[in-house]
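The values are calculated or read from the model by the stated rules, or taken from the named source; none is laboratory data. All values derive from a computational prediction rather than experimental measurement. Every residue, glycine as well, gets a Cβ built from its backbone with ideal geometry; the counts of neighbours run over all protein chains shown. Each accessible area value is taken on the protein alone, full model and side chains, heavy atoms only, with ligands, DNA and RNA left out. Shrake-Rupley method; radii C 1.70, N 1.55, O 1.52, S 1.80 Å.
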Amino acid sequence: MKKLIQFKQVSFEYNHESEEEEPVAVLHDITLSIKEGDFVAVLGHNGSGKSTLAKHINAILQPTEGVVWVDGIDTSKEELVFEIRQQVGMVFQNPDNQLVATVVEEDVAFALENLGVESTEIRERVDAALQQVGMYEFREHSPHQLSGGQKQRVAIAGILAMQPKCIVLDEPTAMLDPQGRREVLKTLLSLNREKGTTVVFITHFMDEAVQANRVVVVDGGQIIADDTPKAVFSDVEQLKKVGLDVPQVTELAYELRKAGIDFPNGILSVEECVAELQKALGG
Amino acid sequence: MLKDISIGQFFPGKSIVHRLDPRIKILLVFGFIITLFIVRNLVSFGLIILFLTVTVFTAKIPVKTVLKSLKPILPLILFTAILNIFFIDGHVLFRWGWIRITEDGIRLAVLMIIRIVCLIIGASLLTYTTSPIALTDAIERLLSPLKKIHFPVHEMAMMMTIALRFIPTLIEETDKIMSAQKARGADLETGGLMKRAKALVPILIPLFVSAFRRAEELALAMECRCYRGGEGRTRMKQLKLTVSDWVIAVFVTAFYIVGILMNLWIPALF
Ligand SMILES: Nc1ncnc2c1ncn2[C@@H]1O[C@H](COP(=O)(O)OP(=O)(O)O)[C@@H](O)[C@H]1O
Ligand SMILES: [Mg+2]
């Protein structure tokens, strides 16, 4: 499939051109490409540069060195910035700090109003976006009447209304309760599967990362692993070395193997684990 | 406790008052305030009070709510009343030591109280029956001629929208911080003015820090959604004046004019 996002030897420093402040080198020589329809989970401990990486995808930040292409557009082309932001929407961690309007549907309309879309079309796209995230009944509510998970779905709808090819989410579930986390993840998975929207999903919940079809691990501003969840989580030692957890069942399998029991690598789901345990015990 | 604040609250509904175009509504409220301060005879005040009552009932706003909106200005009302009753010269009705009450004082006090109360109720009716979005939209549209002299009309409306959006969030946060500080033994309720003011510092500082962080994140989120100021921006809900908007505007304005003209024939209260 077509490559939607491409990083070519990208390095980035904060305060690169500032005179007063020390430059902070955050990304180092990152090369990465994301295909249309991918569901990529990005893992890494705090300060490893995940957010910085994400902000390169919709031209909030431009690389100090190297190039980022989004749908064939070089993100350093300033005149095309809004083109890029329409193609790549971004959702942030705190649902409270990204809703602008006092009514749900007005908030979802915000991006389209900025883009100068005509009012009847805004209405249609807002309704469609709200239905996609299952928040249509709440269209006339005020954001502060909603739960965290609902607010985050509204934020997603606000991005979907732009009909982007890709949606980047920077720890969207970090501040949610388990119920809210499930709602958000379900929404994203259905978007990806049904509409083919490319999803880049930064998270530190391993059980969420397992649902992706690709996992990228960032450490110290470099990509240290980039593969299927199964392959990435097989290397438990490496993940632990960079301060990351693995899903509980993967950990269990790892400990069992370490204890000398014959157990396969890269177990991701409870069902798989149960099946293997039965085999091990029965055999 | 902070959640009890009812000023600026919106009561959704489908009444004529709710459906009236917000621009007309704002202008009519302005007209109302002007009328209120020109009118000085009892009959007109009677009409104004009748008009307010009818509006409150048409809009189906609970009378209790309307009365509650007066609570915060009670001290102001008392202060005005006292000032007028005791310090206006004229025909003395009652004297006790240096205290004296004059007839003119009482009249002026009554006049001012009616004015203040009607003013507050009239203005609250605007916010009770108009959603914040419609209100800011209307202000943006009404002020749009000022763009010609480079007054930042859109930016101002956007600031109002964001302020309205974040008031509940910040109130909630203040409550949380207050409970957190109380749990650590902060005493917010006793002591003199200085002591209480000092006790507020550990509440205000975290609140400001968080407000700035929120502002930064919101700005980023707005940028991500292609925000670039008012230029070329469209709206999902466009304001359109209907015939009934015009009819109501004409009727109410005529009513104001009649009320004002009555000054000519009916003796003034003061
Ligand atoms: N605006 C900034 N200015 C300077 N340094 C920053 C800025 N934002 C982040 N950093 C630094 O960049 C590093 C990576 O941050 P970030 O991309 O937010 O990591 P993550 O999202 O993985 O936690 C951190 O060390 C952080 O201190
Ligand atoms: Mg981050």
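Overall size of the stretch A:1-111 from C-alpha positions, given as principal axis extents largest first: 42, 41, 33 Å. When you restrict to C-alpha pairs under 8 Å that are six or more residues apart and normalise by the size of chain B, the relative contact order lands at 33 percent.
Remark on the stretch B:111-249: ratio of C-alpha radius of gyration to 2.2 N^0.38 Å is 1.45. Among the residues of B:232-240, the average count of other protein chain beta-carbon atoms within 10 Å of the residue beta-carbon is 6.
If we count every other residue with Cβ under 15 angstrom of A:V126's Cβ, Lys/Arg +1 and Asp/Glu -1, where does the sum land?
On the way: positive: A:R123, A:R125, A:R139, A:R153, B:R225, B:R235, B:K237; negative: A:E105, A:E106, A:D107, A:E113, A:E118, A:E121, A:E124, A:D127, A:E137, A:E140.
That works out to -3.
Taking B:T127, B:T190, B:T58 in turn, the Gaussian network model of chain B (Cα-Cα springs below 10 Å) assigns the largest fluctuation to B:T190. Here A:K77 is the anchor, and the lysines within straight C-alpha reach of less than 25 Å, apart from those fewer than 8 places off in the same chain, are A:K2, A:K3, A:K8, A:K35, A:K50, A:K55, A:K165.
Our estimate of slack between A:E271 and A:S18, defined as 0.36 nm per intervening residue step minus the Cα-Cα distance, is 85.8 nm.
Using a probe of 1.4 Å on the protein chains alone, the accessible area found for B:V92 is around 50 Å².
Peptides A:234-242, B:129-137 ranked from most to least packed by the mean count of surrounding Cβ atoms within 10 Å: B:129-137, A:234-242. Carbon-plus-sulfur accessible fraction, the protein assembly as shown (probe radius 1.4 Å, protein heavy atoms only): 62%.
Taking every DSSP beta bridge that has both residues in the stretch A:3-227, what percent is antiparallel when rounded to the nearest 5? Write out the running numbers ahead of the final one.
Details: 20 of 37 bridges.
Percentage antiparallel, nearest 5: 55.
Taking a ≥ b ≥ c as the square roots of the eigenvalues of the Cα gyration tensor, the stretch B:179-267 is oblate, since a/c reaches 1.5 or more and a/b is not larger than b/c. Using equal-weight Cα scatterers in the Debye expression, the normalised intensity of chain B in log10 at q = 0.13, 0.14, 0.15 Å⁻¹ is -1.09, -1.17, -1.22. Summing +1 for each Lys or Arg and -1 for each Asp or Glu, what net charge is found among the other residues whose Cβ lies under 13 Å from the Cβ of B:H91? Local net charge: 0. Each residue of the stretch B:217-227 was assigned a 3J(HN,Hα) from its phi angle through the Karplus curve 6.51 cos²θ - 1.76 cosθ + 1.60 (θ = phi - 60°); the sequence is 5, 5, 4, 5, 4, 5, 4, 5, 9, 6, 6 Hz, with glycine and proline shown as x. Label separation (B:M159 vs A:S11): 4.3 nm, computed from points 7 Å beyond Cα along the C-beta direction.
Across all directions, the average flat footprint of the convex hull enclosing the Cα atoms of the stretch A:3-227 is 12.3 nm².
How would B:Y128, B:Y227 rank on accessible area, largest to smallest, probe 1.4 Å?
Details: B:Y128 5, B:Y227 50 Å².
Largest to smallest exposure gives the sequence B:Y227, B:Y128.
Ordered by solvent-accessible area of protein heavy atoms (1.4 Å probe), largest first, the residues A:K165, A:K3 come out as A:K3, A:K165. Going 7 Å from the Cα of B:I257 along its beta-carbon direction, which residues of the stretch B:28-58 have the amide nitrogen within less than 15 Å of the resulting point? The answer is B:31-32, B:35.
Burial here means at least 40 square angstrom less accessible surface with every protein chain in place than with the chain by itself, probed at 1.4 Å; in the stretch A:67-116 the buried residues are A:F82, A:R85, A:F92, A:D96, A:N97, A:V100, A:T102, A:E106, A:F110, A:E113, A:N114.
Pairs over the 24 Å Cα-Cα cut-off, from the set A:K151/A:K186; B:K176/B:K198; B:K71/B:K237: B:K71/B:K237.
Taking a straight Cα-Cα cut-off under 17 Å and skipping sequence neighbours fewer than 8 places away in the same chain, the lysines within cross-link reach of A:K240 are A:K230, A:K258.
For the stretch B:118-132, 3J(HN,Hα) computed residue by residue from phi via the Karplus equation (6.51, -1.76, 1.60; θ = phi - 60°) reads 5, 4, 5, 5, x, 5, 5, 4, 4, 6, 5, 10, 10, 5, x Hz, glycine and proline entered as x.
Once all protein chains are placed together, B:M262 keeps about 40 Å² accessible to a 1.4 angstrom probe.
If you build a Gaussian network model of chain B, linking Cα atoms that sit under 10 Å apart, which residue out of B:G229, B:G97, B:G185 swings the most? It is B:G97. Over the Cα atoms of the stretch B:11-59, the radius of gyration divided by the Kirkwood radius equals 1.02; this is the Rg/Rh ratio. Structure remark: mean-square fluctuation, Gaussian network model of chain B, C-alpha springs under 10 Å; the largest value among B:H91, B:H154, B:H18 belongs to B:H91.
So what's Rg/Rh here for the stretch A:76-206, counting alpha carbon atoms and using the Kirkwood radius for Rh?
On the way: Rg = 13.9 Å, Rh = 14.7 Å.
Reported Rg/Rh (Cα atoms, Kirkwood Rh): 0.95.
So what's the net charge close to A:Q238: Lys and Arg +1, Asp and Glu -1, counting the other residues with Cβ under 13 Å from its Cβ? It would help to have the intermediate numbers written out before the result.
Working: positive: A:K240, A:K241; negative: A:D219, A:D226, A:D227, A:D235, A:E237, A:D245.
Charge balance in the 13 Å sphere: -4.
Evaluating kT/(6 pi eta Rh) at 25 °C and 0.890 mPa s, with the Kirkwood radius of the protein assembly as shown over Cα pairs in the Stokes-Einstein relation, gives 88 µm² s⁻¹. Taking 22 Å as the straight-line reach from the Cα of B:K148, none of the lysines fall in range once those fewer than 8 positions away in the same chain are excluded. Across chain A, the relative contact order, built from alpha-carbon pairs under 8 Å that are at least six residues apart, equals 21 percent.
Note on B:S210: accessible area approximately 10 square angstrom, rounded to 10, probe 1.4 Å, nucleic acids and ligands left out. For the stretch A:173-212, pairs of C-alpha atoms spaced more than 16 angstrom apart make up 30 percent of the total.
So how do B:F30, B:F11 rank on accessible area, 1.4 Å probe, biggest first, that is with the largest at the start?
Values: B:F30 125, B:F11 50 Å².
Solvent-accessible surface, decreasing: B:F30, B:F11.
Let me know the shape class of the stretch B:194-245, please: from the alpha-carbon gyration tensor, a ≥ b ≥ c as square roots of the eigenvalues, rounded when a/c is under 1.5, otherwise prolate if a/b is greater than b/c, or oblate.
On the way: a/c = 5.82, a/b = 1.90, b/c = 3.07.
Because a/c hits 1.5 or more and a/b fails to exceed b/c, the stretch B:194-245 counts as oblate.
For the stretch A:135-283, just say rounded, prolate or oblate: build the C-alpha gyration tensor, square-root its eigenvalues into a ≥ b ≥ c, call rounded for a/c under 1.5, and beyond that prolate if a/b exceeds b/c, oblate if not. Working shown, then result.
On the way: a/c = 2.45, a/b = 1.94, b/c = 1.26.
Prolate, since a/c reaches 1.5 and a/b exceeds b/c.
When 1/r is averaged over all different Cα pairs and the result inverted, which Kirkwood radius in Å belongs to the stretch B:30-148?
On the way: mean 1/r = 0.0602 Å⁻¹.
Averaging 1/r across every pair of different Cα atoms and inverting gives 16.6 Å.
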